[in-house]
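The values are calculated or read from the model by the stated rules, or taken from the named source; none is laboratory data. Because the structure is predicted, anything quoted here is derived from the model rather than measured. We place every Cβ from the backbone using ideal geometry, glycine too, and count neighbours over all the protein chains shown.
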Amino acid sequence: MGKRDRLSGNEAVAIAMRQIDPDVMPAFPITPSTEIPQYFSSFVANGQVGTEFIPVESEHSAMSAAIGAEAAGARTLTATSSCGMALMWEELYVAASNRLPIALALVNRALSGPININCDHSDSMGARDAGWIQIYAENNQEVYDNFIQAFPIAEHADVRLPIMVCQDGFITSHAVENIELLEDAEVKAFVGEYEPEHYLLNDKERMAVGPYSVTDYYMEAKKQHAQAMANAKQVVLDVAKRFAKISGREYGLFETYRLEDADYAIVIIGSAAGTAKDAVDDLREKGVKAGILKIRLFRPFPAEEIAQALAHVKAVAVMDRAESLSSQGGPLGAEVMAALYCARSQALAVNYIYGLGGRDVRVEHIEDVYAQLEKIAAAGEVQDAYRYLGLRE
């Protein structure tokens, strides 16, 4: 039976971590994720978990310690944001290429520069090709639910990859919402015990972690990594079905909102989806067939499924809370447009950059996007496929 509570996103993640009761948590504070190790360290101090908490001297050290602990056979997690993830950069690739199912709570924050501590997705999007599974949340309930599902996904025998569970800095991390928590015993049973097949402290076998790979083997390792990432898509769906049985809450690769009969659609990630839903409801009352596709799983990218879900729309706006500086748009725009192209979709597509550095995203902004989509559909062409939303003149 679920328990109702009022929690910030950071508190919700810390509680999920307590319920999982990992073996090791190395961490270094950085805004806006600092509260997660702060809350969790109090659980350690109070004897509520059996976790070895390691306060390290930097985020690079945090991920290095996580890699060592996971390689030794310990279930390991950590948390960070923005420049903290940037300092982990080398180690992100090490963790992924060594197939270590570490869980990372990433509280999305703009990545310098200029210096900014507010929300956008430049940190996680910058790491999109590091080989980590990436799952995003719209609200505090999803943050909590996603983190509980993280280890069963990452540790699955067909996957064995690290996973980052992303939420929007300050918008969800510090805002308090009503959410429903599972019972501790339910979470423990759902996550289960960690039983790695190969690990350094296994005295029955000899192994090395992170050895030098000569030319004859490097590409094969990358192909195996790519196959594991592809496998993760089905595992995400299977774990979500299991989770629905204990929570009543259903998850997929993405969520659609009033999309079934929509002529105009927005593809979006994170908390701004809530604002977009309000805009859609307003527009539907005015007779505008607007809909939303909110991406939950970004890595691996569900290209075929997204293209199929958007196959019937006339025009689509892909919303990026990160600027890739490619002069062509943002990372999500590139992925979705490629998916539409490969599917030979007839939908006209435009890419918007929005909400950088915590810039407000309002209902009227989203309604204007739909108005532009109507114009694009009527004209039958896209004049400018790369746009900014809410930019000051």
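Being within 24 Å of Gln149 (Cβ to Cβ) and β-branched (Val, Ile, Thr) is the filter here; which residues of segment 246-292 pass it? Passing the criteria: Ile246, Thr256, Val267, Ile268, Ile269, Ile292. Return the residue satisfying two criteria in turn: it lies in segment 197-253 and is among the acidic types (Asp, Glu) and more than 19 Å from Glu155 (Cα to Cα), and of such residues it is nearest to the chain's Cα centre (by Cα). Applying the filter and picking the extreme gives Glu250.
What do you reckon, is Ala273 in a helix (DSSP H, G or I), under 29 Å from Gly126 (Cα atoms) and under 15 Å from the mean Cα position of the chain (by Cα)? It is true that Ala273 is in a helix (DSSP H, G or I), under 29 Å from Gly126 (Cα atoms) and under 15 Å from the mean Cα position of the chain (by Cα). In segment 11-27, which residue that is assigned to a helix (DSSP H, G or I) and either touching a strand residue (DSSP E or B) at 6+ places or on another chain (Cβ under 7 Å) or outside the structural domain of Leu100 (by TED's automatic domain parsing) (or both) is farthest from Val191 (Cα to Cα)? It comes out as Ala12. The strands (runs of 3 or more DSSP E) located wholly in segment 127-193 that include 3 or more residues which are more than 21 Å from Lys277 (Cα to Cα) occupy 163-168. Within segment 120-173, being of a type in the set (Phe, Trp, Tyr) and closer than 20 Å to Leu100 by Cβ holds for Trp132, Phe147, Phe151.
Within segment 288-314, the set of residues being part of a loop (DSSP other than H, G, I, E, B), out of contact with any Gly (no Cβ under 8 Å at 6 or more places or on another chain) and more than 28 Å from Ala96 (Cβ to Cβ) comprises Val288, Lys289, Leu310, Ala311, His312, Lys314. State which residue is nearest to His365 (Cα to Cα) when the search covers only segment 315-340 and only residues that are in a strand (DSSP E or B) and of a type in the set (Gly, Ala, Ser). For segment 315-340, the residue satisfying everything is Ala317. Residues that are in contact with a Leu (Cβ under 8 Å, 6 or more places away or on another chain), crowded, with 19+ Cβ neighbours inside 10 Å and among the small types (Gly, Ala, Ser) within segment 47-79 comprise Ala66, Ala71, Ala79, listed in sequence order. A Cβ distance below 7 Å, combined with a sequence gap of six or more or placement on separate chains, defines the contacts here; from segment 50-66, residues that are in contact (Cβ under 8 Å) with a residue 40 or more places away in the chain reach residues that are among the hydrophobic types (A, V, I, L, M, F, W, C) and surrounded by fewer than 17 Cβ atoms within 10 Å (Cβ to Cβ) in the pairs Ala65/Val56.
I'd like to know if segment 80-90 contains one or more residues that are buried (at least 19 other Cβ atoms within 10 Å of the Cβ), in a loop (DSSP other than H, G, I, E, B) and touching a residue at least 40 places away in the same chain (Cβ under 8 Å). Within segment 80-90, one or more residues are buried (at least 19 other Cβ atoms within 10 Å of the Cβ), in a loop (DSSP other than H, G, I, E, B) and touching a residue at least 40 places away in the same chain (Cβ under 8 Å). Has segment 348-360 got at least one residue that is β-branched (Val, Ile, Thr) and assigned to a helix (DSSP H, G or I)? There is no residue in segment 348-360 that is β-branched (Val, Ile, Thr) and assigned to a helix (DSSP H, G or I).
Listed conditions (1) assigned by TED's automatic domain parsing to the domain that holds Ala303; (2) at pLDDT below 95 are all met by Val369, apart from (2). The residue that is nearest to Arg359 (Cα to Cα), counting only those in segment 323-345 that are of a type outside the set (A, V, I, L, M) and touching a residue at least 60 places away in the same chain (Cβ under 8 Å), is Glu323.
Within segment 1-46, restricting attention to residues that are farther than 23 Å from Pro101 by Cα and among the small types (Gly, Ala, Ser), which residue is surrounded by the most Cβ atoms within 10 Å (Cβ to Cβ)? The residue in question is Ser8.
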